[in-house]
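Only one structure is covered here, and it is reproduced in the block below.
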Amino acid sequence: MLREDPERTHVQARREDIVTIYESANQPLVQIPGRAAEAAQAAVIALRAGRAFEVLVALTFAESRENVVYAPDAPVPQSHLQQAVDEALNFAESMGFILESTWAGLDARQKEEVMKRMSAFQEPQPKRVEQPVERPKTDGLSAVARLFAAFAILLLASGALGCSGVSAEQRRRSAEIHYDLGTNLLQNGDVQGALKEYLDAEKEDDDLPQTHNALGLLYAYSLARPQEAEEHFQKAIALDKDFSEARNNLGTFYVARGRFAEAIPQFEQALANPLYRDRVIAETNLGWALYKAGQPQKGVRRIEAALVVAPKYCLGWRQLGTIHAERGELQAAGDAFAKYAGACPETADAHLQSGKILARQTRATEARLAFQRCAGSKDERESTLAKECQRLLRELSP
């Protein structure tokens with residue numbers, strides 16, 4: 001089991017002791033106990049530790065540039081190394097990270113460059129002290145204020161009842177207001193505030209499905225408490241069998257933890273509801289789960305069908321390209337990643353994936369153009385991807 005190691009501010013390792021590295025291709029919003037929610041990068045790093053091995057998960061927060069390192073209770077023997085790596089990948093993916101291998105196949109010089117650019121290996125620099133800047137009120141905060149006003153009116157109404165108490169209808173309305181408050185706070189980046197409001201909503205009315213769905217999402221992707229996340233998703237579904245959003249979220253949770261066979265029926269039941277609006281998301285998720293469960297043809301057909309309906313759905317093209325690439329179907333992979341880049345031209349990852357396939361097809365000129373588009377990204381959240389594309393560009397240089 002992985003636990004935060006407060007003694008480690010970064011990963012200290014020699015190049016020759018590193019077995020493998022996986023880096024995140026995205027920067028989701030992450031909130032861990034004791035810290036505010038913040039965009040972060042992740043890395044899974046497997047190291048030799050004497051005759052055993054240690055697999056770490058390192059998070060680097062984008063704004064503070066601080067590292068949080070998760071370490072196992074004890075090193076593992078070589079026979080358990082792959083299992084430990086898989087568990088670490090599932091742990092990081094449960095927080096919303098998409099991870100890719102960046103170590104295999106590199107020579108010594110390239111590996112040194114990877115270690116130099118990765119924040120996980122760098123000792124954090126002292127924080128600069130900055131003067132606080134007064135921020136204007138946002139529409140989200142105004143919405144919170146309005147909800148507080150509604151809640152105050154509800155409290156006054158319940159107080160006027162005197163000894164007669166609060167009716168079930170008023171408790172339901174109170175729970176709904178807490179839920180709305182939590183959602184607005186979450187949209188403004190206040191994970192702890194959102195959690196408090198959702199828990200208050202649960203206390204007011206434990207039978208509100210959307211509250212349990214929201215708690216499941218928070219516990220799964222912001223607070224790294226997977227057992228509680230699963231329980232709340234299941235409770236939301238038990239309260240409303242047609243709650244397709246909760247079924248899709250539970251299926252996605254299972255996929256992130258490698259439980260593909262359990263994910264498939266959740267996506268199928270979500271799609272069985274003709275009123276479900278986000279059908280494309282569930283359809284492509286089902287396709288990915290089928291592929292990972294050993295049914296690639298069915299998976300590809302599902303994703304392709306979804307993309308006919310929603311040709312601008314970026315993740316679908318990425319999933320389709322990845323399936324073809326992993327199966328060695330380079331022409332089909334190249335077509336899918338080209339459509340990914342066409343649908344999402346401002347996404348650096350789209351050009352990175354397209355460039356990799358073009359390079360595998362020995363189409364160096366086209367690959368170089370793709371990597372140049374990726375390397376030129378000005379989005380701070382894509383800095384890791386931009387650096388990877390810069391490295392690949394140097395390798396393609398004559």
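Note on the range 53-89: residues that are surrounded by fewer than 18 Cβ atoms within 10 Å (Cβ to Cβ) and not in a loop (DSSP other than H, G, I, E, B) amount to 6.
Restricting attention to the range 357-381, and to residues there that are assigned to a helix (DSSP H, G or I), free of Cβ contacts under 8 Å to residues at least 40 places away in the same chain and within 21 Å of ALA42 (Cα to Cα), which single residue is least open to solvent (accessible area, probe 1.4 Å)? Among those that are assigned to a helix (DSSP H, G or I), free of Cβ contacts under 8 Å to residues at least 40 places away in the same chain and within 21 Å of ALA42 (Cα to Cα), it is CYS374. Return the residues of the range 290-324 that are open to solvent by 20 Å² or more (accessible area, probe 1.4 Å), among the aliphatic types (A, V, I, L, M) and assigned to a helix (DSSP H, G or I); say none if nothing qualifies. ALA305, VAL308, VAL309, LEU315 - these are the residues of the range 290-324 that are open to solvent by 20 Å² or more (accessible area, probe 1.4 Å), among the aliphatic types (A, V, I, L, M) and assigned to a helix (DSSP H, G or I). No other residue among ALA40, ALA62, ALA49 is of a type in the set (A, V, I, L, M) and touching a residue at least 60 places away in the same chain (Cβ under 8 Å) apart from ALA62.
Conditions tested, residue by residue: (1) crowded, with 24+ Cβ neighbours inside 10 Å; (2) touching a helix residue (DSSP H, G or I) at 6+ places or on another chain (Cβ under 7 Å); (3) among the acidic types (Asp, Glu); (4) at pLDDT 95 or above.
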position	(1), (2), (3), (4)
ARG225	no, yes, no, no
GLU230	no, yes, yes, yes
LYS235	no, yes, no, yes
ALA238	no, no, no, yes
TYR254	no, yes, no, no
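Please find, within the range 205-214, the residue that is nearest to the chain's Cα centre (by Cα) out of those that are surrounded by fewer than 20 Cβ atoms within 10 Å (Cβ to Cβ) and touching a residue at least 24 places away in the same chain (Cβ under 8 Å). Going through the qualifying residues, I end up with PRO209. Take the residues in the range 1-11 that are in contact with an Asp or Glu (Cβ under 9 Å, 6 or more places away or on another chain) and not aliphatic (A, V, I, L, M), then tell me which one is surrounded by the fewest Cβ atoms within 10 Å (Cβ to Cβ). Here the answer is ARG3.
Going by the structure shown, is ASP335 acidic (Asp, Glu) and surrounded by fewer than 20 Cβ atoms within 10 Å (Cβ to Cβ)?
Working: acidic (Asp, Glu): yes; surrounded by fewer than 20 Cβ atoms within 10 Å (Cβ to Cβ): yes.
Yes, satisfied.
Residue count for the range 168-187 satisfying the condition of being of a type in the set (S, T, N, Q) and in contact (Cβ under 8 Å) with a residue 40 or more places away in the chain: 2.
Does ALA43 satisfy being in contact with a His (Cβ under 8 Å, 6 or more places away or on another chain) and under 20 Å from ALA84 (Cβ atoms)? When the stated conditions are applied, ALA43 does not pass them.
The values are calculated or read from the model by the stated rules, or taken from the named source; none is laboratory data. Here the structure is a predicted model, which means the values were calculated and not measured. Note that we place each Cβ from the backbone using ideal geometry, even for glycine, and neighbour counts take in every protein chain shown. Accessible surface areas use protein heavy atoms only, side chains included; no ligands, DNA or RNA. Shrake-Rupley method; radii C 1.70, N 1.55, O 1.52, S 1.80 Å.
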